[in-house]
Amino acid sequence: MKEFLNVALPKGRLGERVYAMFAQAGFPCEELLDPKRKLIFENPEAGVRYFWVKPSDVPVYVERGAADVGVAGKDILLEYGPEVYELLDLNIGRCRMCVAAKNGFRDDPERTLRVATEFPHITRTYYTARSRDIDIIRLHGSIEIAPILDLTDVIVDIVETGTTLKENGLEVLEEICPLSARVVVNQVSMKMENERIMKLIRDIKTVI
Ligand code: PRP
């Protein structure tokens, strides 16, 4: 048996909420919240080793087995489609993937729709199912600016409170799907470390 279960946490505000749940479930590691620049933390008693990674890298660590367990947003899982087991919805980081445009925008189905997004795969899948011809422009943040400057007609992006859209004169046109944080597990670890992983999942379930 391995000394530790390796757990990849998404760096940032969501990751801190995720860690709080893991700690409450009996897998604490106080050092983790220390504002120094260390990235890997171990709790030998609880048998866990945590590390902070960029949220979109969590599926890479888990799929390749560098992490046995990870937590990633459903947006990241839909976009990259990693071969991992999705075992649990943590019910936090709840938001929606939406199509949004300038207030009052009307789609002309005769024209190719220009779409700005950080999620080209989700976008392609959504419009292909609707047989809508689109031109995807991949951006890496501040997507809301694209329709304002007429770079695109619409955006496909995450909406949580709706404040960012509102403050920029945009509105939701369509909702693509709900999103939240999910616990994912490496497929080999699921066999080799089944008992420990299922205990971790059971314990976390008690604090959701
Ligand atoms: C996300 C998203 C929106 C914003 C929506 O960005 O891209 O810009 O949150 O939240 P709201 O509906 O509550 O206003 P995030 O802050 O995660 O940063 P990003 O632009 O780097 O993706």
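The table that follows gives values for the structure above.
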{"quantity": "Residue that is buried (at least 17 other Cβ atoms within 10 Å of the Cβ), hydrophobic (A, V, I, L, M, F, W, C), closer than 15 Å to Glu16 by Cα and in contact (Cβ under 8 Å) with a residue 40 or more places away in the chain, where the choices are Val48, Val69, Val99, Val58", "calculated": "Val58"}
{"quantity": "Residues (surrounded by 17 or more Cβ atoms within 10 Å (Cβ to Cβ) and small (Gly, Ala, Ser)) located in segment 72-81", "calculated": "Ala72, Gly73"}
{"quantity": "Hey, Pro120 farther than 30 Å from Lys2 by Cβ, surrounded by 13 or more Cβ atoms within 10 Å (Cβ to Cβ) and modelled with pLDDT of 95 or more or not", "calculated": "yes"}
{"quantity": "Options Ile155, Ile134, Ile143; residue that is surrounded by 17 or more Cβ atoms within 10 Å (Cβ to Cβ), at pLDDT 95 or above and in contact with a Phe, Trp or Tyr (Cβ under 6 Å, 6 or more places away or on another chain)", "calculated": "Ile134"}
{"quantity": "Residue list for segment 1-45, filter: of a type in the set (Phe, Trp, Tyr) and touching a residue at least 60 places away in the same chain (Cβ under 8 Å)", "calculated": "Phe22, Phe27"}
{"quantity": "Given (1) within 16 Å of the ligand (Cβ to nearest atom); (2) free of Cβ contacts under 8 Å to residues at least 12 places away in the same chain, number of the condition Ala116 does not satisfy", "calculated": "(2)"}
{"quantity": "Filtered residues of segment 169-186 (kept if under 17 Å from Gly81 (Cα atoms) and surrounded by fewer than 14 Cβ atoms within 10 Å (Cβ to Cβ))", "calculated": "Cys177, Pro178"}
{"quantity": "Odd one out for Glu31, checked against (1) more than 30 Å from Asp157 (Cβ to Cβ); (2) not in a helix (DSSP H, G or I)", "calculated": "(2)"}
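The values are calculated or read from the model by the stated rules, or taken from the named source; none is laboratory data. Predicted model, so just to flag it, every value in this text is computed and none were measured. Don't worry about glycine lacking a Cβ; one is built from the backbone with ideal geometry, like all the others, and counts go over all protein chains shown.
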